[in-house]
Amino acid sequence: MKTLLAAIAVSAVALAGGADAATAPSSASTNTVTVSGTGTVTAVPDQASFDFSVQTKAATATAALAKNGADVRAVIAAVEGAGVAESDIQTAQVSLEPVTSSDGTTIVAFSASDTISVTSLTVAKAGSVVDAAVGAGATSVDGPNLTVSSQDALYAQALKAAVAQAKTKAQALADAASETLGAVVTIDEGGGSVPVPFAQSAAASVGGTPIQAGTQEVQATVTVTFAMS
């Protein structure tokens, strides 16, 4: 009986020791540092887009639409003649509304308007396209909307610059804390900003209405966590 009790006591001690070994926290811990980085790439826009509108008035709705349609076709033909592909010309809006007397009680005429969007213009020829559209009868011009065709490639460059800046900041913090900077643990992309236009270093179009390309900034932000030891 005494022998059985002794065996049970030894087993209980062994189990308790095993539980302590399983639950004891590790003495080794991993330090980390989290920093943000911003990368910016500047580029000269190489594409432009415009909206051209034609507005006409006539005594009847049918006459207003017919005259407006003829005028718009003339503008489209002029734009195509200036070197714009048919696939880069799109109807953006068609409208027709009555024109009333000064007291608002009588319809005296009808006003029709048509707007076309012209995209993917090279900045160099944008001015001549504007001149062609206005010369053919466009009564309103809206634009330019300037963009960079290599937007994706520029954003990738901005991301690399953002990560490089984050690493530089992390290294400075690690040095200040007498730590050794380790590998990247996580990277979170913060997204890119809408290109911001600047007037500096403008590139003027050749011929026609002058279109200044200026420059645009493409920006990316990241948050990076590094290990330290």
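What follows is calculated from the coordinates using simple rules that are stated; it is not laboratory data. Because the structure is a prediction, the values reported are computed rather than measured. Note that each Cβ is placed from the backbone with ideal geometry, even for glycine, and that neighbours are counted across all protein chains shown.
Sorted from fewest to most neighbouring beta carbons within 10 Å, what does the list 141, 118 look like? Please list the in-between numbers first.
Details: 141 14, 118 27.
Lowest count first: 141, 118.
Could you rank the peptides 148-157, 84-93, 44-53 by their average count of other C-beta atoms within 10 Å per residue, with the highest value first?
Values: 148-157: 15.5, 84-93: 12.8, 44-53: 20.3.
Highest to lowest by the protection proxy: 44-53, 148-157, 84-93.
Can you figure out the FRET efficiency of residue 91 with residue 44, using R₀ = 45 Å and their beta-carbon distance, to the nearest 0.05?
E between residue 91 and residue 44, to the nearest 0.05, is 0.90.
Would you mind ranking 147, 221 by Cβ crowding within 10 Å, fewest neighbours first? Don't skip to the end; give the middle numbers.
Working: 147 17, 221 20.
Listing 147, 221 from fewest to most nearby Cβ atoms yields 147, 221.
I want to check the label-to-label distance for residue 122 and residue 152. Put each point 7 Å from Cα in the C-beta direction and report it in nm to one decimal.
Each label point lies 7 Å from its Cα, and together they span 2.3 nm.
Take residue 186, project a point 7 Å from its Cα along the Cβ direction, then tell me which residues of region 148-178 have their backbone nitrogen under 20 Å from it.
Backbone N within reach: 162-171, 174.
For region 47-147, just the Cα set please: Rg and Dmax, both in angstrom.
15.1, 50
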